[in-house]
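Student: Shown below is the structure under consideration.
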Amino acid sequence: MKSKKSSAGRRPKQGAARNGASHGSPPNITMQKVAKLAGVSAMTVSRALKSDAVISPLTRDRVLKVVKQTGYVPDATARVFASGRSGFVAVLVPSINSSNFADTARGMTGAFERAGLQILLGDTGYSLKREEVLIGILLKRRPEAIVLTGGVHTPEARKMLAAADIPIVEIWDLPKAPLGHVVGFSNAAAGRAMVRYLYDRGRRRIGFIGGTTNRDIRGSERRAGYIKGVKELGLPEGRIVAFGKPPVSIEQGGEALGLMLEQWPDVDAVACVSDLSAFGVLMECHRRGIAVPGRLAIAGFGDFDVGRCAWPRLTTIGIDCVGIGERAAEIVLDAIGARDRRGAMPPARVTMEFKVIARETT
């Protein structure tokens, strides 16, 4: 019995060693445990973890030493309830594989990090229904603000966003009925501008290659701009090939050219919904021995790396993708600042510039 009593007496001591600062982080380490090890109250631990809280340097150092040794991570959920601040901004993009949207997210990241905020990124897969689901999930986490790609959303998504009472920024578009702030450009004007450019280069039988559905709203607007452009110039209409679900791939771009040439063998220029599909068209021309730009001019959209590195290099529409992210972040931070001052920031509408980047394919 004595042996068992002695052994039982030693167990708490061993447990204390495991829960102490010198043997790493145990499971479920709490603020209360950190406070006990540091010899302070839980409130003092909370203050020590806030850089702007009033606390003596010696006490803060002692608490932070225990925090580091135990691996304690503050409970973000508890902090949200206590402060009403989550510390993150929700950002939804159609595809994380697109360098354009990746650059836009990168433009936001720097500004948010300097302000002590983080991005929680969601991929909608060009689906408005999936965007609706993600909005519902993200709003439950109480983001400081939400940034959405495009200005078209489901009625339910618009309803949730209207009730959220947080700054909302729609990017990459100029919606007619914005939910809040806007940083974008007219995709229709970009499609129209490319038609005008090809016309000025002497092309009169211009086709368009895009996706099979309207899931890519911005791509659909570029197609609408193409349609308006050829009509205004009195060019042959209807030379449109819809092939592949957005985002249209390189391979699908090549296959779409085959369909284009079957229907309109005299086509002398092709405007594509993106640089990826345009690169596919270019590769198919190489396979078929079609001279570019002699026999066929090719233009894309987005100024992707693949277009800049292709030979001949792709003519395209260039957008300041990083700049869109930077301006969106500025607006979010201004809106959060206005809210903290119990004020209201008027809706901002920033129109970004685009430009035709002329290269060897035209």
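Student: Sort 260-268, 340-348, 103-111 for me by packing, meaning the mean count of neighbouring Cβ atoms within 10 Å per residue, highest on top.
Tutor: The packing order, highest mean first, is 103-111, 260-268, 340-348.
Student: So for the chain, taking the charge dipole from beta-carbon charges (+1 Lys/Arg, -1 Asp/Glu), which of 187, 285, 98 sits furthest toward the positive end?
Tutor: Comparing the listed Cα positions along the dipole, 98 ranks first.
Student: Now for a different question. Under a 1.4 angstrom probe, counting protein chains only, how are 130, 223, 205 ranked by accessible area, largest first?
Tutor: 130, 205, 223
Student: In segment 213-362, if the dipole is taken from +1 on Lys/Arg beta carbons and -1 on Asp/Glu beta carbons about the Cα centre, which of 256, 238, 294 is farthest to the positive end?
Tutor: Of 256, 238, 294, it is 238.
Student: A further question follows. Counting alpha carbon pairs within less than 8 Å and at least 6 residues apart, what relative contact order, in whole percent, applies to segment 247-362?
Tutor: 25 percent
Student: Hey, another quick one. Mind jotting down the distance between the C-alpha centroids of segment 318-362 and segment 145-193, whole Å?
Tutor: Using only Cα atoms to place each centre, the spacing works out to 12 Å.
Student: Of the peptides 113-120, 321-328, how do they stack up when ordered by the mean number of other Cβ atoms within 10 Å, highest first?
Tutor: 321-328, 113-120
Student: Computed FRET efficiency, Cβ-Cβ of residue 69 and residue 118, R0 25 Å: what is it to the nearest 0.05?
Tutor: For R0 = 25 Å, the calculated efficiency reads 0.45.
Student: Moving to a separate point now. Placing unit charges on C-beta atoms (Lys and Arg positive, Asp and Glu negative, everything else neutral), compute the dipole magnitude of the chain about its Cα centre in debye, rounded to 20.
Tutor: About 2420 debye.
Student: 222 nm [θ] for the chain, helices only, -39500 (n - 2.57) per DSSP H run of 4+, per residue, to 500?
Tutor: -15500 deg cm²/dmol
Student: Can you pull the percent of segment 97-196's accessible area that's carbon plus sulfur, 1.4 Å probe, other chains left in place?
Tutor: 53 percent
Student: Let's test the formula: R0 of 56 Å, r as the Cβ-Cβ distance of residue 353 and residue 36. What FRET efficiency results, to the nearest 0.05?
Tutor: The calculated FRET efficiency here is 0.40.
Student: Label 7 Å along Cα→Cβ of residue 251; segment 207-224 residues with amide nitrogen under 19 Å?
Tutor: 210-213
Student: Tell me the per residue accessible area of the chain using a 1.4 Å probe; a whole number in Å² is fine.
Tutor: Per-residue accessible area for the chain comes out at 51 Å².
Student: Sticking with this one: With each pseudo-label sitting 7 Å past Cα toward Cβ, what's the residue 139-residue 288 distance in nm, one decimal?
Tutor: About 4.8 nm separates the two model spin labels.
Student: Taking only the alpha carbons of segment 159-227, what extent do you get along each of the three principal axes, in Å, biggest first?
Tutor: Largest to smallest, the principal-axis extents are 52, 24, 13 Å.
Student: Could you calculate the FRET efficiency of residue 53 with residue 165 from 1/(1 + (r/R0)^6), where r is the beta carbon distance between them and R0 is 25 Å, rounded to 0.05?
Tutor: According to the calculation, E is roughly 0.35.
Student: Translational diffusion coefficient, Stokes-Einstein: compute it for the chain using the Kirkwood radius over C-alpha pairs as Rh, at 10 °C and 1.306 mPa s, and state it as an integer in µm² s⁻¹.
Tutor: Roughly 67 µm²/s, to the nearest whole number.
The values are calculated or read from the model by the stated rules, or taken from the named source; none is laboratory data. Since this is a predicted model, take the numbers as computed values, not measurements. Positions of Cβ are generated from backbone atoms using ideal geometry, with glycine treated the same way; all protein chains shown enter the neighbour counts. To get the accessible areas, we keep the full protein, side chains included, count just its heavy atoms, and leave off ligands, DNA and RNA. Shrake-Rupley method; radii C 1.70, N 1.55, O 1.52, S 1.80 Å.
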